[in-house]
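*Asks:* The structure that follows is given in the form of structure tokens.
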Amino acid sequence: MSLNRPAKGIVLVPTLLLGGAFLSSAAWLEGPAAQNRGLAIALGTLLIGVGLLAQLLPEPPASGED
């Protein structure tokens with residue numbers, strides 16, 4: 001199975017959204033979310049990093065066969 005541009009986008013969008021949600025919960029200063037701030041920052045950063053890293057994977061050269 002080869003990598004392609006739409007597949008990269010399908011990986012990028014959810015990882016950025018989930019990463020942003022975790023980072024937003026880390027900014028929350030009240031309640032139970034405040035106790036898990038380190039975990040939320042780690043997960044948010046990891047998800048955003050993986051999504052951006054997926055964009056850097058090389059695409060295979062286009063072949064003449066379809």
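*Asks:* How high is the relative contact order of region 1-61? Use alpha-carbon pairs under 8 Å, at least six apart in sequence, and give a whole percent. Don't skip to the answer; put the middle values down first.
*Replies:* Numbers: 53 pairs, mean separation 28.8, N = 61.
Relative contact order for region 1-61 comes out at 47 percent.
*Asks:* Here's something else I'd like to know. Cβ neighbours within 10 Å, averaged per peptide: list 12-25, 45-58 in order, most packed at the top.
*Replies:* Numbers: 12-25: 15.2, 45-58: 13.3.
Packing order, densest peptide first, comes out as 12-25, 45-58.
Throughout, read-outs are computed from the coordinates displayed, never taken from laboratory work. These figures come from a predicted structure and were not determined experimentally. Using ideal geometry, Cβ is built from the backbone for each residue, glycine included, and neighbour counts are taken over all protein chains shown.
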